[in-house]
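Everything below concerns the one structure shown next.
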Amino acid sequence: MKIIPKILKDSWWGNILLGFLAAVIFYYVILSGVLATDTPIVAVVSGSMEHANPEITYYRWLEESLGYDRSYIDSWPASNGFLVGDMPVVSGGLPLTGFFSLVNGKEEVKYEVGDVIVYSVSGVSAPIIHRIIKINDDGTYQTKGDNNLGQWDYEFKVKSDQIKGKVIFIIPKIGYFKVLTNKLFGV
């Protein structure tokens, strides 16, 4: 077992690996504070937000189920969805005020129909990344994956305290390391 620390200490690639890990931890801590969420970056590990067949799973479903028209749907953020391996950046509050909101208690954030949010579900280990498709009268949210044929049971009443934040932009393909880790180790 002494060989691993020696390799990390004495090799150039070991130094690169340790530097990379230190940078990831540093940026994760900084991003968590700035973006006011404990989940500032996530990797997309499922195809639920892909637009592989948008006419059926996205447009037609929203038009028939909720009466939305195509121009309204196309005005939403991330209107083309995203792919497995993409890395959404998530904000739980106003950008650059995140640290202060974490210190003083998280401010109430209002989400809108069309926003893509990250939220937790009891009994599900990975966070869910789906789009808000309706705001219920009681203030809870309904969500749906753009590529799903319908809604899961947990998507009809998402409470504000389940929400980690909303996607503010997407970095393409950089999340493949997480996808690979999931496939190899089930992490």
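Is there any pair with a first residue in region 174-185 that is touching a residue at least 60 places away in the same chain (Cβ under 8 Å) and a second that is of a type outside the set (A, V, I, L, M, F, W, C) whose Cβ atoms are under 8 Å apart and which are 6 or more apart or on different chains, and what are they?
From region 174-185, the pairs are Ile174/Gly85; Ile174/Asp86; Gly175/Gly85; Gly175/Asp86; Tyr176/Gly85; Val179/Gly85.
Check whether at least one residue in region 129-146 is closer than 25 Å to Val34 by Cβ and assigned to a loop (DSSP other than H, G, I, E, B), and report yes or no.
No.
Within region 110-155, work out how many residues are within 14 Å of the chain's Cα centre (by Cα) and among the acidic types (Asp, Glu).
Residues meeting the conditions: 2.
So, in region 1-53, of the ones that are of a type in the set (Ser, Thr, Tyr) and closer than 24 Å to His130 by Cα, which residue ends up modelled with the lowest pLDDT?
Tyr28
Name the pairs whose Cβ atoms lie under 7 Å apart, with the first residue in region 147-158 and closer than 14 Å to Ile135 by Cα and part of a loop (DSSP other than H, G, I, E, B), the second polar (S, T, N, Q) and at pLDDT 95 or above, and 6 or more positions between them or separate chains?
Filtered contacts from region 147-158: Phe156/Gln142; Lys157/Asn136; Lys157/Thr140.
Which residue pairs have Cβ atoms closer than 9 Å, lie 6 or more positions apart in sequence or on different chains, and pair a first residue in region 24-51 that is under 27 Å from Asn147 (Cα atoms) and touching a residue at least 12 places away in the same chain (Cβ under 8 Å) with a second residue that is of a type in the set (Lys, Arg) and surrounded by fewer than 18 Cβ atoms within 10 Å (Cβ to Cβ)?
As it stands, the answer is Thr37/Lys106; Val45/Lys183, since those pairs meet every condition given.
May I ask you to say which residue of Ile170, Ile133 is within 25 Å of Tyr72 (Cβ to Cβ), surrounded by 18 or more Cβ atoms within 10 Å (Cβ to Cβ), in contact with a Pro (Cβ under 7 Å, 6 or more places away or on another chain) and in contact (Cβ under 8 Å) with a residue 24 or more places away in the chain?
Going through Ile170, Ile133 in turn, the sole match is Ile170.
Would you mind stating whether Ile163 is in contact with a strand residue (DSSP E or B) (Cβ under 6 Å, 6 or more places away or on another chain) and within 21 Å of Asn182 (Cα to Cα)?
Here the answer is no, as Ile163 does not meet what is asked.
Taking the condition modelled with pLDDT of 80 or more, surrounded by 18 or more Cβ atoms within 10 Å (Cβ to Cβ) and more than 22 Å from Ile168 (Cα to Cα), does Tyr58 pass?
Answer is no for this residue.
Only one of these conditions is not met by Val187: (1) at pLDDT 95 or above; (2) over 14 Å from the mean Cα position of the chain (by Cα). Which number is it?
Here Val187 clears every test but (1).
The values are calculated or read from the model by the stated rules, or taken from the named source; none is laboratory data. Source: prediction; values computed, not measured. Reconstructed Cβ throughout: ideal geometry from the backbone, glycine too, with neighbour counts over all protein chains shown.
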